[in-house]
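What follows is a short report on a single structure.
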Amino acid sequence: MHNLKTTSLHVRDNQLWILDQQALPQQQNWLPAHTVEQLVEHIHALRVRGAPLIGLSASLLLALLAENGLARAGLAQALEVLRASRPTAVNLMNNLDRMKLALAQDEFVAALGKEALRLIEEDKLLCENIARAGCELVKPGSRLLTHCNTGGLATAGVGTAIGVIHRAFGQGKIENIWVDETRPLLQGGRLTAWELGELGIPYQLICDSMAASLMAKKQVDAVWVGADRIAANGDVANKIGTYSLAVLANYHGIPFYVAAPQTTLDSNCPNGEAIPIEQRSPLEVTGVAGSFGAVQWAPANAAVYNPAFDVTPAELISAWVLDTGIVTPERVRDGVFSARK
Ligand code: MRU
């Protein structure tokens, strides 16, 4: 495969490298993801994260393993191990389904390489199309609130919700972005703050618990988030804390938008209750760790509840902004996301 580079993936001399998203922004370390074990470990540790990026990294690694001589049976096994690396974001499963079809072809090495590159190029295009569609909903002088990280770090392109923000900024429509720090792993405080700074987009970092008072003070014009999985009825799984924002936005009469590519749709999943939610280590809640150091503030044996995602019911979502355009609640109720349509 030829060398390629996105914001957080690098293929060089037929090997995959990843930008360690746990060390950002203090350190920019590229780590080897040359084996399935290495990539799965990076995915577990959220060094590779974000729904689209997880799927793309797994697909690229599979293609590279094939080029480096792994036989079909080994590749089939690797595919299943990668598929099981994180349960909630469906992009991983959707991408690997396509890689599985490539693996079934006679010329599977070439087919896997082609498919992985196609997925990367498609993702860039999906991001562009989401950004274009989403901009129509952004009014001049907007003060938008976003959660988690949905930018170039999490995709191969300009991102999803951040892609919309980026393009709207280019159109002169953005006054300020409120960046939720996004406890427990601080994807907002570390990654979104860093990305917006790099892009020159004005932002203010807030603790997750500050959104309500900002909304009450009429400082938020709309909320923009990404998605890890969209069920057939429009329910959306996204980073923990998204649901609280949707409830708050609804109470304060503020639009709540979800930006995602079609690779995040799970038409076979009837509703949010059927979306598997990843539970993570208690250590992420009893303290915090990163390239800045580690600290634990809770008692060592504190009992902890730590789901990585929550589900926002469709009724709280003002519009789903996909690469195919803006999807209204009426169309979702008509079954536009359903496999039967
Ligand atoms: O646990 P993470 O950091 O992988 O969670 C990421 C999110 O929830 C994002 O909002 C989602 O994947 C969309 S990224 C374009």
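The values are calculated or read from the model by the stated rules, or taken from the named source; none is laboratory data. Given the structure is predicted, the values throughout are model-derived calculations rather than measurements. So basically every Cβ, Gly included, is an ideal-geometry build from the backbone, and we count neighbours across all protein chains shown. Ligands, DNA and RNA are excluded from the accessible area calculation, which covers all protein heavy atoms including side chains. Shrake-Rupley method; radii C 1.70, N 1.55, O 1.52, S 1.80 Å.
For the reader, a short list of remarks on this structure follows.
Conditions tested, residue by residue: (1) at pLDDT 95 or above; (2) surrounded by 23 or more Cβ atoms within 10 Å (Cβ to Cβ); (3) more than 16 Å from the chain's Cα centre (by Cα).
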{"site": "Ala168", "(1), (2), (3)": "yes, yes, yes"}
{"site": "Asn176", "(1), (2), (3)": "yes, no, yes"}
{"site": "Leu191", "(1), (2), (3)": "yes, yes, no"}
{"site": "Glu198", "(1), (2), (3)": "yes, no, yes"}
{"site": "Leu205", "(1), (2), (3)": "yes, no, yes"}
{"site": "Ser209", "(1), (2), (3)": "yes, no, yes"}
{"site": "Ser213", "(1), (2), (3)": "yes, no, yes"}
{"site": "Val225", "(1), (2), (3)": "yes, yes, no"}
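- Taking each residue of the stretch 321-336 that is within 18 Å of Thr263 (Cβ to Cβ) and looking for partners that are outside any helix (DSSP H, G or I) and at pLDDT below 95 with beta-carbon atoms closer than 6 Å, six or more apart or interchain, yields nothing.
Okay, residues lined up against (1) under 25 Å from Gln22 (Cα atoms); (2) surrounded by 21 or more Cβ atoms within 10 Å (Cβ to Cβ); (3) hydroxyl-bearing (Ser, Thr, Tyr):
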position: Val90; (1), (2), (3): yes, yes, no
position: Val109; (1), (2), (3): no, no, no
position: Lys124; (1), (2), (3): yes, no, no
position: Glu128; (1), (2), (3): no, no, no
position: Gly134; (1), (2), (3): no, yes, no
position: Pro140; (1), (2), (3): no, no, no
position: Thr150; (1), (2), (3): yes, yes, yes
position: Ala161; (1), (2), (3): yes, yes, no
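- Taking each residue of the stretch 292-305 that is aromatic (Phe, Trp, Tyr) and surrounded by 10 or more Cβ atoms within 10 Å (Cβ to Cβ) and looking for partners that are at pLDDT 95 or above and not in a loop (DSSP other than H, G, I, E, B) with beta-carbon atoms closer than 9 Å, six or more apart or interchain, yields Phe292/Arg190.
- Residues of the stretch 15-58 that are under 25 Å from Val109 (Cβ atoms), away from the ligand (no atom under 16 Å from the Cβ) and touching a residue at least 40 places away in the same chain (Cβ under 8 Å): Gln15, Leu16, Val36.
- Among (1) within 13 Å of the ligand (Cβ to nearest atom); (2) open to solvent by less than 20 Å² (accessible area, probe 1.4 Å), the one test that Leu145 misses: (1)
- When the criteria are applied in full, Glu284 meets the requirement of being within 11 Å of the ligand (Cβ to nearest atom), acidic (Asp, Glu), modelled with pLDDT of 95 or more and at negative phi.
- From the list Leu82, Leu103, Leu70, the lone residue that is modelled with pLDDT of 95 or more, under 19 Å from the mean Cα position of the chain (by Cα) and surrounded by 13 or more Cβ atoms within 10 Å (Cβ to Cβ) is Leu82.
- Cross-chain or 6+ apart pairs with Cβ under 7 Å, the stretch 60-79 first and more than 22 Å from Ala156 (Cβ to Cβ) and not assigned by TED's automatic domain parsing to the domain that holds Leu101, then among the acidic types (Asp, Glu) and surrounded by 20 or more Cβ atoms within 10 Å (Cβ to Cβ): none
- Taking the stretch 306-332 as the range and being assigned to a loop (DSSP other than H, G, I, E, B), closer than 21 Å to Trp224 by Cβ and open to solvent by less than 30 Å² (accessible area, probe 1.4 Å) as the test, the residues that pass are Ala308, Ile317, Asp323.
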